[in-house]
Each structure stands twice: as C-alpha cells, then as structure tokens.
Amino acid sequence: AAAGEMTLAPPVVADSTQDRGVFGVSAPKAFNVSTVERRAMTSADVDALFKSGIMNQLGPEAGMPLTYGYREAGPSVKVRLEAKKTEIDVLAQHLIEIRDGGIAVTHYLDFEILYAAADRLAFSAPAALDNLLKVEARGKKELRKVSSEQERSVWELTLQAPALGAVPVTITYEFDLKALEPGKPFSYEVRFIEARDVRARNGFVAVRKEG
C-alpha cells in the first residue's frame, strides 16, 4: 500500500498561560510510523507516556508510540504511515520415530504470518524425498515443486485464501528397513526440511524408539 502523511497536534487549552505536555503517536503494528517534521516539539522518551498512564490506554495491536514533548504554543508534528510488508516466522519441530521395520519422520513447520496476509508458503526438502512427502496444512489448496538446486527441491504451498497469523504445516514420510540384517549396525542421516523466505526460524529435534 502507498505511504501517507498526516499532521497532528495536541488539543489547545483556552486562556492558558503556559501550554506544555507530552504527545504520543501510535499506529497498529502492521504499519511503520516515522516523523517527517516537527513544529514547536522535541523528541521525548517513551517513559513519559508510561508515567502519565497513556500507555495503559493502548490496545494489544498498537505499536510503540513515537513520543514528543512541547512547551510552546502551536505544537504539531507531521508523520508518515506505511503498511509493513508480509514477514514470516517459523518454529520447526522434527520428530524421528524408529519403529519395527522402518523409520517415520514428521516435520512440523509452524508458520506465523505477520503484518500482511499471504496465500503462499515455501519450504525445501531433499530431492530424494520428492515421491515420499505427504503434506497437510489448514486451508491447503495446492502443492507444487517449483525448482531443484543442490540436491534439494523447493516446494510452494498455496492456501485457499490469504492467511494472517498461525499456519501449521505437517510433512511426513517413511523409510522401510525390513531388509536390514539382524545385529548389523545401521546409520541414518536426518536431512531437515527447511522453511524458505522467512524472517526468523527456531526449532528442535526429537528422536523416539517404539518398544
């Protein structure tokens, strides 16, 4: 969305001999707000808004306010508002289950879509798993492989409608190990499925053996 500018001013107290105070400008977290110019105002510490009790009046969706102080008549400030672009965080949880005759792997990718809704998510996986992956997601419309690079495939998950907030995705596959010889050691390298085009990622791995 295009950015917009507006000029704001505190209310004027009639017949006052001295006009001074603290002025805060807050916008929803989905917007960036910045100062363009000030008139008879100075930048102030946001602590002043906490001390005055103003911060308690802000809702949970409000961002941290720009804070100004004034001691002269006719104070005003021009601010610029611009909608933030979509940003995505992900929490990845990887579960490896060792079963009789096989290994089952489950990757939980908990996407968090911030600021602006999106209808596409992306992840990469080892190309060797192309025909094994089973992908489930709330509001899933289509899954397609968009490219392959360095033995990994990049997948795009399209949702039925643009989403904002949590979008959990579950990816599973299994390996058959029935042909293993009893008593012979076996090693398995876990190659993770990774979210793409995300701002921040965190995760952990768990290994469980049945029986």
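Return the total of residues in the range 13-51 being of a type outside the set (K, R) and in contact (Cβ under 8 Å) with a residue 40 or more places away in the chain. Number satisfying all stated conditions: 17. Residues that are over 18 Å from D197 (Cα atoms) and without any contact (Cβ under 8 Å) to a residue 40 or more places away in the chain were ranked within the range 118-130; the one that is most open to solvent (accessible area, probe 1.4 Å) is A128. For the condition crowded, with 17+ Cβ neighbours inside 10 Å and over 30 Å from A83 (Cα atoms), what is the one hit in Y115, Y173? When all the criteria are applied, what remains is Y173. Screening E61 on (1) modelled with pLDDT of 95 or more; (2) within 23 Å of N32 (Cβ to Cβ); (3) not small (G, A, S) shows it passes everything except condition (1). What number of residues in the range 140-159 are touching a residue at least 40 places away in the same chain (Cβ under 8 Å) and either more than 14 Å from A128 (Cα to Cα) or basic (K, R) (or both)? The qualifying residues number 1. Evaluating S76 against the criteria (1) open to solvent by 50 Å² or more (accessible area, probe 1.4 Å); (2) in contact (Cβ under 8 Å) with a residue 60 or more places away in the chain; (3) closer than 30 Å to V36 by Cβ leaves one unmet condition, (1).
Every condition in (1) open to solvent by 30 Å² or more (accessible area, probe 1.4 Å); (2) at pLDDT below 95; (3) among the aliphatic types (A, V, I, L, M) holds for A27 except the one numbered (1). Which ones in the range 72-110 are touching a Leu at 6+ places or on another chain (Cβ under 6 Å), under 30 Å from F186 (Cα atoms) and of a type in the set (V, I, T)? Residue satisfying the conditions is T106 alone. If you go through the range 81-103 and keep only what is basic (K, R) and surrounded by 15 or more Cβ atoms within 10 Å (Cβ to Cβ), you end up with just K84.
The values are calculated or read from the model by the stated rules, or taken from the named source; none is laboratory data. Please read these numbers as outputs of a predicted model, since none were measured by experiment. Heads up, the Cβs are rebuilt from the backbone with ideal geometry, glycines too, and the neighbour counts pull from every protein chain shown. When the accessible area is computed, the model is the full protein with side chains, heavy atoms only, and any ligands, DNA or RNA have been set aside. Shrake-Rupley method; radii C 1.70, N 1.55, O 1.52, S 1.80 Å.
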